[in-house]
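Presented below is the structure to which this report refers.
The values are calculated or read from the model by the stated rules, or taken from the named source; none is laboratory data. Note that the structure is predicted; figures quoted are calculated from it, not measured. Counting neighbours? That spans all protein chains shown, and the Cβs are built from the backbone with ideal geometry, glycine included. Surface accessibility is based on the protein's heavy atoms, side chains included, excluding ligands, DNA and RNA. Shrake-Rupley method; radii C 1.70, N 1.55, O 1.52, S 1.80 Å.
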Amino acid sequence: MNTKKYRVLGISGSPRKAATDYVVQEALKYLRENHPVETKYFSVMGKELKFCIHCDHCIQTKEGCVFKDDMEEVFGLMEWADAYILGSPVYQGNISGQLKTLLDRTRAILARNPNVFEGKIGTGIAVGGDRVGGQEPTLRTIHDFYIINYIFSTGGGAFGANLGATIWSKDKRAAGAKADKRGLKTLYKTMDRLFIVLEKLR
Ligand SMILES: Cc1cc2nc3c(=O)[nH]c(=O)nc-3n(C[C@H](O)[C@H](O)[C@H](O)COP(=O)(O)O)c2cc1C
């Protein structure tokens, strides 16, 4: 019997095995160790993710995307999960281009099934090289994706984590993120909050 109540998908929007990869995997590990969840992980690193070209194939045919690339795996994972953790490095004060591409491409499964995201829950992690480098706008973009796509959006809550997890890597890849104890507190608080919202809504 499966005793895991909820399925959580973590996505890293970094093209490297570095800070974001570490932090998203740490979030999933924390959830598994503290809550009855099973997890899956997807990284954009090394993946073929073509830009959406607005050809409207997905809208006209309702048969998914015209491109058959690594988004096929993402589509399956997103359908599988009850909750999403989108993690992004901060690039120019916002999410990475790779993550933006992935989010744009989800239009294809929404076109196929307008209820595909209905009732799912999402939260976010932003990893910047600077302490105040655009983590909050990055989280806002992630929340906007959830709001637009019928996904219940949650942060980490007042007094500690607010819009979600904010990490300062000091541009030192995973070692920098590991050393950011204050940032990791926002991560764990955000994961506990995600679980509370899962219990309330699923
Ligand atoms: C194109 C680019 C733009 C960046 N812009 C910002 C920025 O606006 N603010 C910031 O704090 N860090 C910025 N950084 C630094 C990264 O956010 C930081 O090194 C982060 O840890 C990268 O994540 P990763 O280690 O998972 O690859 C930028 C890095 C790149 C490559």
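Looking at the range 1-20, is at least one residue away from the ligand (no atom under 13 Å from the Cβ), of a type in the set (A, V, I, L, M) and open to solvent by 80 Å² or more (accessible area, probe 1.4 Å)? Among the residues of the range 1-20, at least one is away from the ligand (no atom under 13 Å from the Cβ), of a type in the set (A, V, I, L, M) and open to solvent by 80 Å² or more (accessible area, probe 1.4 Å), which makes the answer yes.
Exactly one of these conditions fails for ALA158: (1) open to solvent by less than 40 Å² (accessible area, probe 1.4 Å); (2) over 29 Å from LYS62 (Cα atoms); (3) out of contact with any strand residue (DSSP E or B) (no Cβ under 9 Å at 6 or more places or on another chain); (4) of a type in the set (A, V, I, L, M, F, W, C). Give me its number. All conditions are met except number (1). Please return the ranges of strands (runs of 3 or more DSSP E) entirely within the range 1-118 where 3 or more residues are hydroxyl-bearing (Ser, Thr, Tyr) and closer than 29 Å to LYS181 by Cα. Output list reads 37-43. The residues listed here are ILE142, ILE121, ILE109; of these, the one that is within 15 Å of SER12 (Cβ to Cβ), of a type in the set (A, V, I, L, M) and modelled with pLDDT of 95 or more is ILE142. For the range 129-153, the candidate set comprises residues that are among the hydroxyl-bearing types (Ser, Thr, Tyr) and open to solvent by 10 Å² or more (accessible area, probe 1.4 Å); within that set, the residue that is farthest from the ligand (Cβ to nearest atom) is TYR150. For the range 164-202, enumerate the residues that are under 16 Å from the mean Cα position of the chain (by Cα) and over 22 Å from THR39 (Cα atoms). Listed by number, the list is empty, since nothing qualifies. Does the range 178-202 hold any residues that are open to solvent by less than 70 Å² (accessible area, probe 1.4 Å) and within 16 Å of the ligand (Cβ to nearest atom), and which are they? The answer is ASP180, GLY183, LEU184, THR186, LEU187. What's the total number of residues in the range 21-50 that are open to solvent by 50 Å² or more (accessible area, probe 1.4 Å) and of a type in the set (A, V, I, L, M)? Going through the range 21-50 one residue at a time, the tally reaches 1. Taking (1) of a type in the set (A, V, I, L, M); (2) free of Cβ contacts under 8 Å to residues at least 24 places away in the same chain; (3) open to solvent by less than 60 Å² (accessible area, probe 1.4 Å) in turn, ILE53 satisfies each apart from (3).
Considered as a group, the residues in the range 21-42 that are more than 16 Å from the ligand (Cβ to nearest atom) and in contact with a Leu (Cβ under 6 Å, 6 or more places away or on another chain) include one that is farthest from GLU79 (Cα to Cα), and that residue is VAL37. Restricted to the range 161-177, and to residues there that are within 13 Å of the ligand (Cβ to nearest atom) and assigned to a loop (DSSP other than H, G, I, E, B), the residue that is surrounded by the most Cβ atoms within 10 Å (Cβ to Cβ) is SER169.
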